[in-house]
Every structure is written in C-alpha cells, then in structure tokens.
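No value in this document is a laboratory result; all are computed from the given coordinates. Because the structure is predicted, anything quoted here is derived from the model rather than measured. Positions of Cβ are backbone-derived with ideal geometry, glycine not excepted, and every protein chain shown enters the neighbour counts.
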Amino acid sequence: MARILIVDDSPTEVHVLQTILEKNGHTVQSVNTAEDGVQTSKVVPMPDLILMDVVMPGMNGFQATRAISKDPATQNIPIIIVSTKDQETDRVWGMRQGAREYISKPVDETDLINKIDAILG
C-alpha cells in the first residue's frame, strides 16, 4: 500500500489518522511542523501522499502545501488538507495552494480512505 506522511501538531489527531491508515494497510510517518513536512517530503523514499493540517505554529499548512506543490522535486506528491478550518473560502484557498482534496476534522474514516484510493488509483 501507500507511504503516507502526516503533518499535524496534534498528537491526538496524528494517532487517529495513523490508526485509520495502518488499519487500511498503509505505512505512516508523521512530523509535527509544516517546516518538517516540507523537508520530509524530499527524503527518499518520498511519501506517496501527504495529509496536511493547516493550523500549526510557524509555517502553516497552506504555506507548506504551496512549497511542496511548487517544488519540482515534490510537486507530484498529492496532498490532502485535513483541517478544522471548514469554511468554503479555506477549502478554495487550500486547493489553490496545490492540495488535491480537503477534508474537515473530525475525519470520517470511509471518506478519508475513499479519497486516498481515488487519488492513488
């Protein structure tokens, strides 16, 4: 299955996402800052997909998504934003930064897995 990188500063959210992903056969790595997410996206083997939180100290998830999607080395890694920010303007902005999908927290397991499967084919 896929190598998925979780970028989220909440240990609780990381645990919830990791449990869902591992139960569905994925390999999971997590980092707790957007800056670490940008750096880790470049490490070989690169992740097949990134789950990106938005609200984090320092660089936010929108900025990290833009950095990853604009970098020729990482631009092909799909990003799903997973955030408590659930306004339509947040969703539109996230997609403009390069995200392929946008999911609001709390995450619905079926919705998350369906979106990952659709992106990774």
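Within the chain, DSSP assigns beta bridges of which about 0% are antiparallel (rounded to the nearest 5). For the pair THR19 and LYS42, the difference between a 0.36 nm per residue extended length and the Cα-Cα distance amounts to 5.9 nm. Counting lysine pairs in the chain that sit 8 or more residues apart in sequence, or on different chains, and whose Cα atoms lie under 20 Å apart gives 6. Each label was represented as a point 7 Å from its Cα along the Cα-to-Cβ direction; for GLU35 and THR110 these points are 4.2 nm apart. Remark: relative contact order (segment 3-120) = 23 percent; criterion is Cα-Cα distance under 8 angstrom and separation of 6 or more residues. Rounded to the nearest 0.05, the FRET efficiency derived from the C-beta distance between THR27 and ARG96 at R0 = 35 Å is 0.75. If the segment from VAL55 to GLN75 were pulled out straight at 0.36 nm per residue, it would be longer than the present Cα-Cα gap by 5.0 nm.
Distance between the C-alpha centres of segment 94-121 and segment 1-28: 13 Å, rounded to the whole angstrom.
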